[in-house]
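Worksheet for the structure shown next.
The values are calculated or read from the model by the stated rules, or taken from the named source; none is laboratory data. No experiment lies behind these values; they were computed from the predicted model shown. With ideal geometry, Cβ positions are generated from the backbone for all residues, glycine too; neighbour counts draw on all protein chains shown. Calculation scope for accessible area: heavy atoms of the full protein, side chains included, ligands and nucleic acids excluded. Shrake-Rupley method; radii C 1.70, N 1.55, O 1.52, S 1.80 Å.
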Amino acid sequence: MPVTKASPELLDLLNQAIAREIQVSIQYMWQHVMWSGVKAFAVKDELKSVAIEEMKHAEAIAERLFYLGETPTTKPTPIFKGGSLKEMIEADMKAEEEAIVMYKQIIELAMKEGDETTAHMFREILSDEEDHHDTFESILEEV
Ligand SMILES: [Fe+2]
Ligand SMILES: [Fe+2]
């Protein structure tokens with residue numbers, strides 16, 4: 001049994017976070033693969049590296065959740081694809097905004113439950129999501 005115990009509420013939030021990370025990982029990868037044209041050319045590499053970071057987030061959270069005694073989900077939340085370049089980046093920005101709100105909530109709850117490790121992990125992930133949001137915001141100014 002792990003030394004640290006998490007509430008069902010926190011475990012559920014961690015699984016929701018994994019579902020979101022899998023979602024955006026696939027979403028950004030799909031966009032990276034599917035986009036073509038001059039405008040997309042500059043954006044593709046950025047999307048690829050963000051997609052890889054999201055996959056690492058999913059894995060890190062899944063490891064933590066498994067340690068806490070829960071089975072990590074393999075099911076992504078709905079993936080947004082299609083539309084124009086601008087619509088996609090807007091959807092990506094919204095996904096990052098939602099992650100930022102949710103991860104702040106996870107940090108707060110983990111601290112309340114004395115789970116310093118989960119809180120620390122999500123502070124680092126949160127800083128990545130803020131970077132991603134910035135990246136998408138700058139891309140949006142160009143498209
Ligand atoms: Fe992420
Ligand atoms: Fe992100």
Inset, instruction - With only Lys, Arg, Asp and Glu charged, each at its Cβ (+1 for the first two, -1 for the last two), find how big the charge dipole of the chain is about the Cα centre; round to the nearest 20 debye. - result: 500
Legend entry - Phi to ³J(HN,Hα) by Karplus 6.51 cos²θ - 1.76 cosθ + 1.60 over region 42-53, Hz, x for Gly, Pro: 6, 8, 4, 5, 4, 5, 4, 5, 5, 4, 5, 4
Legend entry - Leading residue at positive end of dipole, the chain (Cβ point charges), from 23, 135, 117: 23
Inset, instruction - Report, to the nearest 10°, how far helix 116-142 tilts away from the longest principal axis of the Cα atoms in the chain, using its own Cα long axis and a range of 0 to 90°. - result: 10
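Scale the Cα Rg of region 10-136 by the rule-of-thumb value 2.2 N^0.38 Å and send over the ratio, two decimals. Could the numbers behind the result be given before it?
On the way: Rg = 14.8 Å, N = 127, 2.2 N^0.38 = 13.9 Å.
Here the Cα radius of gyration is 1.07 times the empirical estimate.
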Inset, instruction - Ignoring everything but the protein chains, give the 1.4 Å probe accessible area of residue 66 in square angstrom, nearest 10. - result: 140
Legend entry - Estimated [θ] at 222 nm from DSSP helical runs (n ≥ 4, -39500 (n - 2.57)) normalised by residues in the chain, nearest 500: -28000 deg cm²/dmol
Inset, instruction - State in Å² the accessible area per residue of the chain; use a 1.4 Å probe, count heavy atoms of protein chains only, and round to the nearest integer. - result: 56
Legend entry - For region 69-78, Karplus couplings with θ = phi - 60° (6.51, -1.76, 1.60), whole Hz, Gly/Pro x: x, 10, 7, x, 6, 10, 9, x, 5, x
Inset, instruction - State the Cα centre-to-centre distance between region 74-143 and region 46-72 in whole Å. - result: 13
Inset, instruction - Enter the angle in degrees (range 0 to 90, nearest 10) between the Cα long axis of helix 85-112 and the first principal axis of the Cα atoms of the chain, meaning the one along which they spread out most. - result: 10
Inset, instruction - With a point put 7 Å past each Cα toward its Cβ, work out how far residue 26 is from residue 63 in nm, to one decimal. - result: 2.3
Legend entry - Angle between the chain longest axis and helix 8-34 axis [Cα atoms, degrees, rounded to 10]: 20
Legend entry - Distance between modelled label sites at residue 16 and residue 44, nm, 7 Å Cα→Cβ extension: 3.6
